[in-house]
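The values are calculated or read from the model by the stated rules, or taken from the named source; none is laboratory data. None of these values were measured; they are calculated from a predicted model. Cβ sites come from the backbone with ideal geometry, for glycine too, and all protein chains shown count toward neighbours. Accessible surface is based on the protein model in full, side chains and every heavy atom, while ligands, DNA and RNA are left aside. Shrake-Rupley method; radii C 1.70, N 1.55, O 1.52, S 1.80 Å.
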Amino acid sequence: MTRLRRGLYAITPDWTDTARLLATTESILAGGAVLLQYRNKLADSALALAQATALLALCQRYTVPLLINDDVALAAAIGADGAHIGRDDGELAAARARLGATAIIGVSCYADLDRARDAAECGADYVAFGAMFASPTKPHAPPAPMSLLGAARAFGKPVACIGGITAENAGALVAAGADLLAVISDLYESAAPRERAAAYTALFASH
């Protein structure tokens with residue numbers, strides 16, 4: 001997929017302060033993030049619509065695709081670039097039918113290589129594994145071995161990974177085959193999010 005570049009995949013935290021969310025996200029985009037996912041488990045439907053709409057405008061300024069987590073209807077409503085779906089978020093075919101042939105649709109594969117193979121065969125634009133490390137966002141997520149990243153490259157789709165990733169441990173993931181590093185806390189809780197994003201971006205320049 002030509003619109004998917006290798007690099008940092010920023011995912012938003014559960015912030016209800018929209019001004020803070022937008023300001024921090026802009027710093028992360030300025031630092032070189034290549035993809036953004038709107039994910040907010042605390043937002044009601046009205047706040048989610050407002051935040052996602054504002055983020056889409058911001059992403060368009062930086063020519064970075066915006067995906068919506070777990071909500072194909074919201075992605076369709078605002079004209080987002082696509083969606084990310086997990087085990088309980090409906091079928092890939094239904095999301096594709098709703099969002100169209102050019103939408104970017106990613107699929108959570110956890111630690112399941114067979115699920116990744118099926119998703120790739122059904123037209124997913126990327127497959128995502130995790131948690132790679134202990135994650136503050138999903139503390140009970142089962143660990144995904146790093147070997148999955150290289151194995152999944154055989155499916156011909158970009159490989160994303162998530163879970164406890166920091167700028168300090170991310171280099172090993174890129175070396176193991178990750179195309180996209182999905183990061184929440186290490187970016188949004190950073191005192192210098194632009195510089196933190198740039199540190200991830202630099203990892204891909206050396207691999």
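How big, in percent, is the set of alpha carbon pairs in segment 23-78 lying more than 15 Å apart?
On the way: 654 of 1540 pairs.
Distances greater than 15 Å cover 42 percent of the Cα pairs.
Just to confirm my numbers, what's the Cα centroid distance between segment 90-147 and segment 1-80 in Å?
Cα centres, segment 90-147 to segment 1-80: 18 Å.
Which one of C109, C122, C59 has the biggest mean-square fluctuation once the chain is modelled by GNM with Cα springs under 10 Å?
It is C122.
Roughly speaking, what is the stretch gain from A23 to A93, that is 0.36 nm per residue apart minus the C-alpha to C-alpha distance, in nm to one decimal? Could the numbers behind the result be given before it?
Details: separation 70, 0.36 × 70 = 25.20 nm, distance 3.49 nm.
Stretched out fully, the A23 to A93 stretch lengthens by 21.7 nm.
Note down the Stokes-Einstein diffusion coefficient of segment 57-194 in µm²/s, whole number, using a Kirkwood radius over alpha carbon pairs, 25 °C, and 0.890 mPa s. Intermediate values should be presented prior to the final figure.
Values: Rh = 15.5 Å.
Translational D for this selection: 158 µm²/s.
What net charge do the residues around A178 carry, taking every other residue with its C-beta under 14 Å from that of A178, with Lys and Arg at +1 and Asp and Glu at -1? Before the final figure, lay out each step's value.
Numbers: positive: R5, R6, R153, K157; negative: D179.
In short, +3.
Dipole size in debye (nearest 20) for segment 129-207 around its Cα centre, Lys and Arg Cβ +1, Asp and Glu Cβ -1? List each step's numbers first, then the result.
On the way: 5 positive and 5 negative charges, 44 e Å.
Its charge dipole is roughly 220 debye.
Expressed in whole Å with the largest first, what are the equivalent ellipsoid semi-axes of segment 113-207 derived from the C-alpha gyration tensor as the square root of 5 times each eigenvalue? Numbers along the way, then the final one.
Values: eigenvalues 106, 47, 25 Å².
Working through the eigenvalues yields semi-axes of 23, 15, 11 Å.
Whats the longest run of the chain with zero GluC sites (Glu not before Pro) that are DSSP loop and have at most 16 other Cβ atoms within 10 Å? Walk me through the numbers on the way to the answer.
Numbers: sites that count: E91, E168, E189.
The reported range is 1-90.
Find which of P158, P13, C122 sits farthest along the positive direction of the dipole of the chain, computed with +1 on the beta-carbon of Lys and Arg, -1 on that of Asp and Glu, about the Cα centre.
Projecting each Cα onto the dipole axis, the largest value belongs to P158.
What whole-number value in cubic angstrom gives the convex hull volume per residue for the C-alpha atoms of segment 1-124? If you can, show how the numbers build up before the last one.
Values: hull volume 13.2 nm³, N = 124.
In segment 1-124, the Cα hull volume divided by residue count equals 106 Å³.
Taking every DSSP beta bridge with both residues inside segment 1-124, roughly what % is antiparallel (nearest 5)? Spell out each step's value before the answer.
Values: 0 of 13 bridges.
Once the DSSP bridges in segment 1-124 are tallied, antiparallel ones form about 0 percent.
Ignoring ligands, DNA and RNA, what percent of the 1.4 Å accessible area of the chain is carbon and sulfur? Show your work: numbers first, answer last.
Values: 4880 of 8940 Å².
Summing carbon and sulfur atoms, their accessible area is 55 percent of the total for the chain.
Dipole magnitude of the chain about its Cα centre, charges +1 at Lys/Arg Cβ and -1 at Asp/Glu Cβ only, in debye to the nearest 20?
Values: 17 positive and 20 negative charges, 88 e Å.
Here the size comes out at about 420 debye.
If you look at just the Cα atoms of segment 1-51, how large are its Rg and its Dmax in Å?
12.0, 33
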